[in-house]
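Asker: Sharing a structure with you now.
The values are calculated or read from the model by the stated rules, or taken from the named source; none is laboratory data. From a predicted model like this one, the values you see are computed outputs, not experimental measurements. Note: ideal-geometry Cβ built from the backbone for every residue, glycine included; neighbour counts use all protein chains shown.
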Amino acid sequence: MRTVTDETSSSPPGALPRARTRAAGPAVAALCGLAAAAAAVGAGEAAAAFTRPQASPVVAIGSAAIDLAPTAVKAWAVQRFGTGDKAVLLGGIYTVMGLAAAALGVLAGRRRGAAAALFAAFGGLGAWAALARPQAVPTDLLPSAAAAGGAVAVLWWLTGPALSLGPFLDPFPGPSRRSGAVRPAGPERRRVLAAGATIGAAAALGTAGRVLSDRRGDVSAARAAVRLPPPLRPAPPLPRAVGATVPGLPPFITPTADFYRVDTALTLPRIDPRAWSLRLHGLVDRPLLIGFDDLLALGLEELDHTLSCVSNEVGGPYAGTTRWLGASLPALLRRAGVRSGAEQLVGRSQDGMTIGTPVETLLDGRRALLAVAMNGEALPVEHGFPCRTVVPGLYGYTSATKWLVDLEVTTFAARDPYWVRRGWDRTGEVRTASRIDVPAPFARVPPGDVTVAGTAWATHRGIAAVEVRVDGGPWRQAELAADAGPDLWRQWTHAWTGATPGTHRIEARATDATGAVQPETRTPPYPSGATGWHSVVVTVT
Ligand SMILES: Nc1nc2c(c(=O)[nH]1)N[C@H]1C(S)=C(S)[C@@H](COP(=O)(O)O)O[C@H]1N2
Ligand SMILES: [Mo]
């Protein structure tokens, strides 16, 4: 069966050194396994175009991995890869799948039935993952079934006798003229060609499936068609000196394109506002069901606010400031009539995320929005189109449900939202943070006067002071930019004079408006937000 020819050898085919003959067989077998996996992915993506993109086996298994990943792994992924965490996860899944498929191909050389059964089992895993998603529907089974069917059929075909078509149909008869490389002949050559063709066809099928589901689910036209009414209650103008103009310091208002993104959504929920509705129910006197136009008709208000993520490390980038536009959430709660005993409001997103906000916080007089726009434009899909919540003072994971479809007023005992179930703090009050943006870590700066600048936030409490010190020396008051209100971050600058050549450590700490100084002790983000002073080491040359 393993007839391998080699031009450099004068021996007749079949008399080659055994090591080379053996090397070609498993490689071809592994390739057949890879082709079967490619068929699975291609068929799965194609079928998902007709069901839902979330039901594609790879996406479903990835989503299950996100939900099942231990908290430490999730926190590490967010910190290490940030918004790129999803690409890294998918890359990892494809790598593991590729290795497993190659191994199954080799197994198929000896036990074809067992290999086919294991491919089918992978399909079963995809089906289980798809059906275990929070919003699963029975048809979510289909992409995994297509994937398993495709893989088993391709494996059976590639490893079976059908490819022995006879030498006259072989497009490359005889040994290679170009090199002395071992080239499989006969059935194996045809298997290699067939496997290659299968991989190409599967890639085309999968790509077509992706393109089709992107087109079917596209909401960009619906988003462009949203007509935002002028705010009934505009935000007060920002003080002129709200931003410090120092090169390297981020702008006071974060451009939407630069706004950080943190979520568990491997495929973005794409919701047409015409098909969207929001249910408010639970411990209320008058449950509500409102559509998007009803929401816009409630009378919108603007809110300038700094949103931040609990997973942000000291000095990290996961905070941004934007002008939100939306309907008042406290007003809607009052309209529904919150009953006594209500403790938390659980927001649920279209993809099944649950985020719990204390009712007491929502009704203590602060502004909170059912936001539909940021910086004057309908929410981008990745930031929650068509509607999300925003509650100043709380980290995103307890306040900022994107792709919001349901609000339930309930008790703490009745429901543990997604992150609380994973051990994160129930309230998620934003801790005081100060970040040195300029100079950058390990920057080289000239001696003499060095401008130090940064951003500090203690959302909803406000920033009263920022202090800076160099090499553990005395703390000096930084100069604060104008205060735009407690719900917004505050930029600051400090003139470090007499910088001498060498390596220096700059540290910053903020005091919030309650008078509490940021603690020095470094704690990690889990379970209630990072603490500690940010420091930057620079070299004066
Ligand atoms: N549906 C949904 N909403 C979500 C999340 C999520 O994973 N899914 N993540 C939350 C977290 S942890 C944060 S910090 C904010 C981030 O919002 P952004 O991506 O618009 O910056 O969204 C919150 N809302
Ligand atoms: Mo977050």
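Matching residues to (1) in contact (Cβ under 8 Å) with a residue 24 or more places away in the chain; (2) over 29 Å from residue 82 (Cβ atoms):
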| site | (1), (2) |
| --- | --- |
| 438 | yes, no |
| 445 | yes, no |
| 471 | yes, yes |
| 519 | no, no |
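Asker: Hey, could you check region 509-539 for residues that are assigned to a strand (DSSP E or B) and of a type in the set (Val, Ile, Thr) and say which is nearest to residue 422 (Cα to Cα)?
Answerer: The qualifying residue nearest to residue 422 (Cα to Cα) is 523.
Asker: Something else: Here is a check on your reading of the model: is residue 173 at pLDDT 95 or above and either in a loop (DSSP other than H, G, I, E, B) or buried (at least 19 other Cβ atoms within 10 Å of the Cβ) (or both)?
Answerer: Answer is no for this residue.
Asker: Continuing with the same structure: Given the conditions (1) at pLDDT below 95; (2) among the small types (Gly, Ala, Ser); (3) touching a Ser or Thr at 6+ places or on another chain (Cβ under 9 Å), which single one is not true for residue 311?
Answerer: It is condition (3) that residue 311 fails.
Asker: Something else: With respect to residue 371, determine if the residue is closer than 26 Å to residue 304 by Cβ, over 18 Å from the mean Cα position of the chain (by Cα), buried (at least 24 other Cβ atoms within 10 Å of the Cβ) and away from ligand 2 (no atom under 15 Å from the Cβ).
Answerer: Taking the combined requirement at face value, the residue satisfies it.
Asker: Filter region 231-278 for residues that are hydroxyl-bearing (Ser, Thr, Tyr), within 16 Å of ligand 1 (Cβ to nearest atom) and in contact with a strand residue (DSSP E or B) (Cβ under 8 Å, 6 or more places away or on another chain); which is nearest to residue 299 (Cα to Cα)?
Answerer: Restricting to residues being hydroxyl-bearing (Ser, Thr, Tyr), within 16 Å of ligand 1 (Cβ to nearest atom) and in contact with a strand residue (DSSP E or B) (Cβ under 8 Å, 6 or more places away or on another chain), the top hit is 256.
Asker: Being under 13 Å from residue 223 (Cα atoms) and more than 13 Å from ligand 1 (Cβ to nearest atom) is the filter here; which residues of region 365-375 pass it?
Answerer: Matches in region 365-375: 372 only.
Asker: Next question, about the same structure. Mind telling me which of the residues 411, 361, 322 ends up being more than 11 Å from ligand 1 (Cβ to nearest atom), among the hydroxyl-bearing types (Ser, Thr, Tyr) and surrounded by 21 or more Cβ atoms within 10 Å (Cβ to Cβ)?
Answerer: 361
Asker: Hey, another quick one. For a quick check of your reading: which strands (runs of 3 or more DSSP E) sit entirely within region 275-362 and have at least 2 residues that are away from ligand 2 (no atom under 16 Å from the Cβ) and not hydroxyl-bearing (Ser, Thr, Tyr)?
Answerer: So the answer is 277-282, 288-291, 301-308, 319-328, 344-349.
Asker: Tell me the residue from 466, 450 that is buried (at least 21 other Cβ atoms within 10 Å of the Cβ), touching a residue at least 40 places away in the same chain (Cβ under 8 Å), at negative phi and out of contact with any Asp or Glu (no Cβ under 9 Å at 6 or more places or on another chain), please.
Answerer: Exactly one of 466, 450 is buried (at least 21 other Cβ atoms within 10 Å of the Cβ), touching a residue at least 40 places away in the same chain (Cβ under 8 Å), at negative phi and out of contact with any Asp or Glu (no Cβ under 9 Å at 6 or more places or on another chain), namely 450.
Asker: So which residues in region 388-408 are away from ligand 2 (no atom under 16 Å from the Cβ), buried (at least 24 other Cβ atoms within 10 Å of the Cβ) and under 21 Å from the mean Cα position of the chain (by Cα)?
Answerer: none
Asker: Can you tell me which residue within region 293-308, out of those that are within 26 Å of the chain's Cα centre (by Cα) and closer than 22 Å to residue 230 by Cβ, is surrounded by the most Cβ atoms within 10 Å (Cβ to Cβ)?
Answerer: Top of the filtered list is 305.
Asker: Could you tell me whether region 265-274 includes any residue that is at pLDDT 95 or above and of a type in the set (S, T, N, Q)?
Answerer: No.
Asker: Sort out which residues of region 461-505 are touching a helix residue (DSSP H, G or I) at 6+ places or on another chain (Cβ under 9 Å) and assigned to a loop (DSSP other than H, G, I, E, B), and write them in order of number.
Answerer: Those that are touching a helix residue (DSSP H, G or I) at 6+ places or on another chain (Cβ under 9 Å) and assigned to a loop (DSSP other than H, G, I, E, B): 481, 482, 483, 484, 488.
Asker: Still on this structure, I have one more. For region 214-221, check the following and say yes or no: at least one residue is within 16 Å of ligand 1 (Cβ to nearest atom) and under 30 Å from residue 61 (Cα atoms).
Answerer: yes
Asker: Sort out which residues of region 70-84 are of a type outside the set (Val, Ile, Thr) and closer than 27 Å to residue 258 by Cβ, and write them in order of number.
Answerer: Within region 70-84, 74, 75, 76, 77, 79, 80, 81, 82, 84 qualify.
Asker: Going by the conditions given, is residue 453 over 30 Å from residue 353 (Cα atoms) and more than 16 Å from ligand 2 (Cβ to nearest atom)?
Answerer: Yes, satisfied.
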